[in-house]
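Heads up: the structure comes next, in structure tokens.
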Amino acid sequence: MKADVQTAELQAFVAVVSTASFSRAAEQLGMSQPTISLRVKNLEDRLGVRLLDRQNGVVPTVVGRGLYYRARKIVDGLKEFGVAASQARQLELGQLRFGFSTPHIAMTALKTFTERYPRMMI
């Protein structure tokens, strides 16, 4: 078993279980259905277990159900990570430290900055 699970494989697996369909998962992720199928198959191969029962529709196996919740946490965490990075890049989130030698200039600058970037910590 290879332990180097790929993010794209987890995203595909989560989308398939969430939508109960390879084609709907592909649509949700903006990819082709064969790409989603390949990613899930690669994940199963890496883990050495069947995650999905494909006989009567698409349903997770017992192992697949247990791993789905863990995979979902990882995928959701990655989304949150991306949002936080975007907010930091746009100065909507983060922390600012600075020093001024003249207090009245500092207070004016701080007021302007906090009005423009209210979510930044100072």
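The values are calculated or read from the model by the stated rules, or taken from the named source; none is laboratory data. All values reported here derive from a predicted model rather than from experimental measurement. Note: ideal-geometry Cβ built from the backbone for every residue, glycine included; neighbour counts use all protein chains shown. All accessible areas refer to the heavy atoms of the entire protein, side chains included, with ligands and DNA or RNA removed. Shrake-Rupley method; radii C 1.70, N 1.55, O 1.52, S 1.80 Å.
Within the stretch 30-83, track down each residue that is on the phi > 0 side of the Ramachandran plot and in contact with a Leu (Cβ under 6 Å, 6 or more places away or on another chain). The answer is none; no residue qualifies. Only helices (runs of 4 or more DSSP H) whose full extent lies in the stretch 1-95 are considered here, and the ones with at least 3 residues that are open to solvent by less than 60 Å² (accessible area, probe 1.4 Å) and touching a residue at least 24 places away in the same chain (Cβ under 8 Å) are 7-19, 33-47, 62-89. Looking across 75, 49, 58, one residue alone is modelled with pLDDT of 90 or more, touching a Ser or Thr at 6+ places or on another chain (Cβ under 9 Å) and within 30 Å of residue 117 (Cβ to Cβ). It is 75.
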